[in-house]
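Read-outs: derived from the displayed coordinates by stated rules, not from any lab. For clarity, every value in this text was computed on a predicted model and none was experimentally measured. Glycine also receives a Cβ, built like all others from the backbone with ideal geometry; neighbour counts cover every protein chain displayed.
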Amino acid sequence: MEEESPDPPFQEKYKNLFDNSTEVELAKNSVELLVVDECELPLIDLNMLNLGDSEREACKSQIAKASQEWGFFQVVNHGISSQVLEKMRTEQMKAFKKPFHEKTNGNDPKFSIGSYTWGTPSPNYLRQLSWSEAYHVSLSDMLGSGGLCTLRLTMEQFAAKVSELAQKLAEILAEKLGQNYSTFFKETCLQNTCFIRMNRYPACPISPQIFGLMPHTDSDFLTILHQDHVGGLQLVKDGKWIAVKPNPEALVINIGDLFQVWSNNVYKSVHHRVVANKLQERFSTAYFLCPSYDTVIQSYAEPSAYRRFSFREYRQQVQKDVKYFGYKVGLARFLV
């Protein structure tokens, strides 16, 4: 009996998109995916925070500068051991390698805590299709849940460490704005609102016309990403798409929409995407620092570029736009 593939049936489900796509559209997609250059993100050694006053302040300034100029940076000596990161990747790979029907049926007790998604809900064009699959797991469902499976225990270890790192970075960014918000993120970014997303990007036979993940910004304060050695992450810098060179020793940090609003556009939430790879699959794990839904988001300084809104309102508007347009409109909806 032939073993069932773990890959979602992209070409079967989105057959109409492929059948109706013209050579012009495919060529346009290929042009959109052209990358000007490959770069290494600003690399920050967090061990400097444990040294003298001058080193500590220099590290904080590096974090703030990268958040202003890039919206992305990477960190080493971040306090999460290579053993935990490697175990996380190994267990994640095992989960994604299960037959497709097992993942979609949701009958695996390991994932009673999370939701499985793949592709794009309602793409109108090929360029709105994401060639990827993911598990979304709320920290409130995971931490202290008493689960005994290896994946759950590994995720608990990873989540505890990465949550601590996210809080530390958020407090530093607030401090560099001159704000004394030492408890703001601890009080608003709770376990039941922060979550982890495990991603797999299967090899794509029609790459490079297809995105692994559509261009977007993140709807949170901060995202912390652990990725493997396979490249694919790209971001906008100075109006051009550039490819991020993978660094297996580092975690990638990026600013989300909420921090751009909160900082009144000092810190930048930039568009980023993942490009599908024709030969290799890619794995990554992302942690999202999100507030409670009732948290009111407003700029720390006046005049503000954005009106006040709750996180619940923001999420609902994003979901509404994605359903209607096929893509996220984002912060443009909330400009004053």
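At-a-glance table
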{"read-out": "Area projected by the alpha carbon convex hull of the chain, averaged over all directions, nm²", "value": "18.1 nm²"}
{"read-out": "Point-to-point label distance, residue 37-residue 4, nm (Cα→Cβ direction, 7 Å offset)", "value": "4.8 nm"}
{"read-out": "With Cα atoms, 0 to 90° folded angle of helix 23-32 axis to the chain main axis", "value": "30 degrees"}
{"read-out": "Rounded to whole Hz, the Karplus (6.51, -1.76, 1.60) HN-Hα couplings of the stretch 220-227, x for glycine and proline", "value": "9, 7, 9, 10, 10, 10, 10, 10"}
{"read-out": "With Cα atoms, 0 to 90° folded angle of helix 53-69 axis to the chain main axis", "value": "50 degrees"}
{"read-out": "Among the listed pairs 268/328; 13/240; 168/320; 15/323; 245/278; 13/97, those beyond 22 Å (Cα-Cα)", "value": "13/240; 168/320"}
{"read-out": "Nearest-ten-degree value, helix 311-325 long axis tilted from longest Cα axis of the chain", "value": "30 degrees"}
{"read-out": "Förster radius 41 Å - calculated FRET efficiency between residue 186 and residue 15 (Cβ-Cβ, nearest 0.05)", "value": "0.25"}
